[in-house]
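Colleague: Sharing a structure below in structure tokens format, with a few things to ask.
The values are calculated or read from the model by the stated rules, or taken from the named source; none is laboratory data. For clarity, every value in this text was computed on a predicted model and none was experimentally measured. Ideal geometry is used to build each Cβ from the backbone, glycine not excepted, and the neighbour counts take in all protein chains shown.
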């Protein structure tokens with residue numbers, strides 16, 4: 001399973017941008033992405049990735065003027 005995940009990340013982001021950290025069992029991925037900060041109370045913030053493939057989910061949390069820029 002780990003090899004399939006690693007291969008998928010490598011295919012999407014490139015070999016030089018994906019590194020597996022065995023001691024933490026995590027992947028470190030360098031990727032340029034657009035993101036948007038979202039908060040309901042202006043105290044606790046979350047970041048969402050702005051990519052077309054996620055647009056159907058983003059309509060639930062982002063206003064139309066932001067979605068139009070994706």
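Colleague: Within the bounds of the range 29-36, is there any residue that is surrounded by fewer than 10 Cβ atoms within 10 Å (Cβ to Cβ), out of contact with any strand residue (DSSP E or B) (no Cβ under 9 Å at 6 or more places or on another chain) and assigned to a loop (DSSP other than H, G, I, E, B)?
Modeller: Yes, the range 29-36 has at least one match.
Colleague: In the range 14-28, how many residues are loosely packed, with under 10 Cβ neighbours inside 10 Å and assigned to a loop (DSSP other than H, G, I, E, B)?
Modeller: Looking only at that region, the number is 4.
Colleague: Anything in the range 54-70 that is in a helix (DSSP H, G or I) and either touching a strand residue (DSSP E or B) at 6+ places or on another chain (Cβ under 8 Å) or loosely packed, with under 12 Cβ neighbours inside 10 Å (or both)? List them, or say none.
Modeller: The answer is 54, 56, 57, 58, 64, 65, 66.
Colleague: Of the conditions (1) touching a residue at least 24 places away in the same chain (Cβ under 8 Å); (2) not in a loop (DSSP other than H, G, I, E, B), residue 11 fails just one. Which one is it?
Modeller: Failed condition: (1).
Colleague: Residue 50 - would you say it is in the same structural domain as residue 8 (by TED's automatic domain parsing), surrounded by 10 or more Cβ atoms within 10 Å (Cβ to Cβ), at pLDDT 85 or above and closer than 20 Å to residue 17 by Cβ?
Modeller: For residue 50, the condition - in the same structural domain as residue 8 (by TED's automatic domain parsing), surrounded by 10 or more Cβ atoms within 10 Å (Cβ to Cβ), at pLDDT 85 or above and closer than 20 Å to residue 17 by Cβ - is not met.
Colleague: Every residue in the range 1-13 that is surrounded by fewer than 10 Cβ atoms within 10 Å (Cβ to Cβ) and modelled with pLDDT of 90 or more, please.
Modeller: 4
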